[in-house]
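J.: Pasting a structure here, questions to come.
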Number of protein chains: 2
Amino acid sequence: MNLQPLLAYINQYITLTPEEEATLLAKVRYRKYLKGQFVVQSGDVCKYENFVLSGCLKTFYIDPEGQEHIVMFAVENWWTADLGSFITQNPADFNVQCLENTELAQFAHEDLEQLYQEIPKLERFFRIIIQKAFVASQKRVVNSFSLPAKERYLAFKKQYPQIDQRVPQYMIASYLGITKEFLSKIRNQLILEQ
Amino acid sequence: MNLQPLLAYINQYITLTPEEEATLLAKVRYRKYLKGQFVVQSGDVCKYENFVLSGCLKTFYIDPEGQEHIVMFAVENWWTADLGSFITQNPADFNVQCLENTELAQFAHEDLEQLYQEIPKLERFFRIIIQKAFVASQKRVVNSFSLPAKERYLAFKKQYPQIDQRVPQYMIASYLGITKEFLSKIRNQLILEQ
């Protein structure tokens, strides 16, 4: 197991000493999941905040009619969890499922709380990370009001480069809130424009 | 001007020494706005993160068809800004407008960055506040998928107690994503059920 990408990621925002890196790594849990496995299931408490070392996951919500709504994808160097459930330790609304074999670095709730005490500058790191997540989620709401589907698809491709090849088209359509047929039309149109 | 509510709010999450309180207050800008004035206008950079001392504001987005979408309200002890614009110092997507005469405690971007250096435990405070905002915004997305309009209205009343009396009904309808007529029907139904 190679946790170097996690340290490299954190050190983009704050500077950890070798001792702090050791303290942090002692609390990180490394886990492999198979394609199809669930990291979070709605109704269960989300136990971990997860950093993606390799693989691909989707976060989705099933509405009362049984319809799946994809809220986000996560690939290498992304964080994923049902953050509301993780923070409050109440049952999750969302599911997080692996779309490929996936390796995660996981922080348990109580371990992260302890790490905040031992390495206070992690507060800064997570403050910045969560700010970015909040802004991305607001931006998505604005885009859903204001951008036509084609522009939303282009914004998606920019946000998740190369994920087009890794994720079935019907999931991308679900994320964009359009039908698979309409996404296919948009893709064909973009090919013709090239 | 009485900034005590701001200190009381912050001290719920972290404990500031009297010196730290003085450092913080030296960087806070107190400002009164009249009903109808804008704190943030879309297209301008959002300069301040704002704590509401008194009054009431709405955050909204105008889509390309000119339709207004209310994203949140803020009353006493809430924070309001276009956070994406504030963090990146790029032009705002949202407008923040006063629905009543309003008093704010404002943190300018560069002052807040400096405060993080001078009082590192503010990182913890804002980490927790932004987490809560993120979770509330996710919850709203889930509710919009899953709850019927009546339940969404009840959730709104729980989240913003007494705002019913302070805000025109058509704005509450906009926040809930329903027509004014439909909201009126729901309210009448609830009165009959009492």
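J.: Here are some conditions: (1) free of Cβ contacts under 8 Å to residues at least 60 places away in the same chain; (2) in a helix (DSSP H, G or I). B:SER174 meets all but one. Which one does it not meet?
T.: (1)
J.: Any residue in region B:58-73 that is over 15 Å from B:ILE172 (Cα atoms) and at the interface with chain A (Cβ under 10 Å from one of its Cβ atoms) sitting within a Cβ distance under 6 Å of a residue that is surrounded by fewer than 19 Cβ atoms within 10 Å (Cβ to Cβ) and among the small types (Gly, Ala, Ser)? List the pairs, counting only those 6 or more apart or interchain.
T.: Filtered contacts from region B:58-73: B:ASP63/A:SER146; B:PRO64/A:SER146.
J.: Follow-up. What single numbered condition from (1) within 14 Å of chain B (Cβ to nearest Cβ); (2) within 23 Å of A:PHE125 (Cα to Cα); (3) assigned to a loop (DSSP other than H, G, I, E, B) fails to hold for A:GLU76?
T.: Every listed condition holds for A:GLU76 apart from (1).
J.: Could you tell me which residue of region B:41-57 is surrounded by the fewest Cβ atoms within 10 Å (Cβ to Cβ), considering only residues that are within 14 Å of chain A (Cβ to nearest Cβ) and out of contact with any helix residue (DSSP H, G or I) (no Cβ under 7 Å at 6 or more places or on another chain)?
T.: B:GLY43
J.: For B:TYR13, state whether it is part of a strand (DSSP E or B) and more than 19 Å from B:SER137 (Cβ to Cβ).
T.: Values: part of a strand (DSSP E or B): no; more than 19 Å from B:SER137 (Cβ to Cβ): yes.
Answer is no for this residue.
J.: Just one of B:SER42, B:SER54 is touching a residue at least 24 places away in the same chain (Cβ under 8 Å), of a type in the set (Gly, Ala, Ser) and farther than 24 Å from A:ALA133 by Cβ; which is it?
T.: Within the list B:SER42, B:SER54, the selection yields B:SER54.
J.: Would you tally the residues in region B:24-43 being under 27 Å from B:PHE125 (Cα atoms) and either touching an Asp or Glu at 6+ places or on another chain (Cβ under 7 Å) or among the aromatic types (Phe, Trp, Tyr) (or both)?
T.: 6
J.: Take the residues of region A:97-132 that are among the polar types (S, T, N, Q), away from chain B (no Cβ under 12 Å) and surrounded by 17 or more Cβ atoms within 10 Å (Cβ to Cβ): which is farthest from A:ASN77 (Cα to Cα)?
T.: Quick first cut of region A:97-132, residues among the polar types (S, T, N, Q) only: A:97, A:101-102, A:106, A:114, A:117, A:131.
Right, trim to away from chain B (no Cβ under 12 Å) and you get A:97, A:101-102, A:106, A:114.
Of the ones still in play, those that are also surrounded by 17 or more Cβ atoms within 10 Å (Cβ to Cβ) are A:97, A:102, A:106.
Numbers: A:GLN97: 17, A:THR102: 12, A:GLN106: 13 Å.
Out of the qualifying residues, it is A:GLN97.
J.: Further question: Of all residues in region A:46-73, which are part of a loop (DSSP other than H, G, I, E, B) and either among the polar types (S, T, N, Q) or in the same structural domain as A:GLN162 (by TED's automatic domain parsing) (or both)?
T.: Once the filter is applied, which keeps residues that are part of a loop (DSSP other than H, G, I, E, B) and either among the polar types (S, T, N, Q) or in the same structural domain as A:GLN162 (by TED's automatic domain parsing) (or both), region A:46-73 yields only A:GLN67.
J.: Next question. Working only within region A:174-194, note down all residues that are under 16 Å from A:THR59 (Cβ atoms) and among the hydrophobic types (A, V, I, L, M, F, W, C).
T.: Scanning region A:174-194 gives a single hit, A:LEU176.
J.: For region B:21-40, give me the residue count where each residue is charged (D, E, K, R), part of a helix (DSSP H, G or I) and out of contact with any helix residue (DSSP H, G or I) (no Cβ under 8 Å at 6 or more places or on another chain).
T.: Let us first name the residues in region B:21-40 that are charged (D, E, K, R), namely B:21, B:27, B:29, B:31-32, B:35.
Okay, now just the ones that are also part of a helix (DSSP H, G or I), so B:21, B:27.
With out of contact with any helix residue (DSSP H, G or I) (no Cβ under 8 Å at 6 or more places or on another chain) added as a condition, the list becomes none.
The qualifying residues number 0.
J.: Based on what the data block shows, is A:GLN138 closer than 26 Å to A:GLN12 by Cβ and in contact with an Asp or Glu (Cβ under 9 Å, 6 or more places away or on another chain)?
T.: Answer is yes for this residue.
J.: I've got another one for you. Collect the residues in region B:133-146 that are surrounded by 15 or more Cβ atoms within 10 Å (Cβ to Cβ) and either within 9 Å of another protein chain (Cβ to nearest Cβ) or over 18 Å from B:PHE182 (Cα atoms) (or both), keeping them in residue-number order.
T.: Answer for region B:133-146, where residues must be surrounded by 15 or more Cβ atoms within 10 Å (Cβ to Cβ) and either within 9 Å of another protein chain (Cβ to nearest Cβ) or over 18 Å from B:PHE182 (Cα atoms) (or both): B:ALA133, B:PHE134, B:VAL135, B:SER137, B:GLN138, B:ARG140, B:VAL141, B:VAL142, B:PHE145, B:SER146.
The values are calculated or read from the model by the stated rules, or taken from the named source; none is laboratory data. Values in this document were obtained by computation on a predicted structure and should not be read as measured data. Cβ sites come from the backbone with ideal geometry, for glycine too, and all protein chains shown count toward neighbours.
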